[in-house]
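The values are calculated or read from the model by the stated rules, or taken from the named source; none is laboratory data. Because the structure is predicted, anything quoted here is derived from the model rather than measured. Because the Cβ atoms are built from the backbone with ideal geometry, glycine has one as well, and the counts that use them run over all protein chains shown.
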Amino acid sequence: MKALLIVDVQNDFCPGGALAVPAGDQIVPVINSMLPQFDLVIASKDWHPSQTAHFDQWPVHCVQDSAGAEFHPDLNHQAIDQILYKGTGKQDDGYSAFEATNLDLAEFLKQKNVEDLTVVGLATDYCVKASALDAVKQGLKTCVRKDAVRAVNIQPDDGRQALEAMKQAGVEIF
């Protein structure tokens, strides 16, 4: 069984959002075109409380039940089989989709007999990287599609370095 994990393609991470990833919205058509190739589609959402230690490091973003926390309007969210919520606690950063608080993703994937996981979304150098590395730790054949991710790039090379770190850990980058 092949699954697609869409990481945090939310309004606040797209242009005009509170923590916009450069060209973050450009991955949406790529992701939509990929959807029919997978048996199972999972998507994560940053889902922060209005007050959290996470906002000591980052601007306020993806606050629970806010417009910024919703999926990008062009993402085909009807194709999503399961939504994961992460970063839901006051001390919870929630970078990895495997840290979801509403579902044990590792157990869910086991129950669904998923062996291949493709990870796409935002941002390459944070939540995509954390999710892909955790997938490898779970023994999943893990891939990241380069044209379906974008990086924050606090330092200009962060996205490239994240892809390299994932590759070194066993993630297939294509």
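Quick notes on this one:
- Scanning the range 82-90 turns up at least one residue that is under 14 Å from the mean Cα position of the chain (by Cα) and aliphatic (A, V, I, L, M).
- Selected residue [out of contact with any helix residue (DSSP H, G or I) (no Cβ under 8 Å at 6 or more places or on another chain) and not polar (S, T, N, Q)] from His54, His61: His54
- Condition check for Ser66: closer than 17 Å to Ala18 by Cβ and either touching an Asp or Glu at 6+ places or on another chain (Cβ under 9 Å) or charged (D, E, K, R) (or both): yes
- Every listed requirement among (1) surrounded by fewer than 21 Cβ atoms within 10 Å (Cβ to Cβ); (2) farther than 27 Å from Asp116 by Cβ; (3) among the polar types (S, T, N, Q); (4) modelled with pLDDT of 95 or more is met by Ser33 save one, (2).
- From the list Phe13, Phe38, Phe71, Phe55, the one residue that fits, being closer than 20 Å to Gln138 by Cβ and not basic (Lys, Arg), is Phe38.
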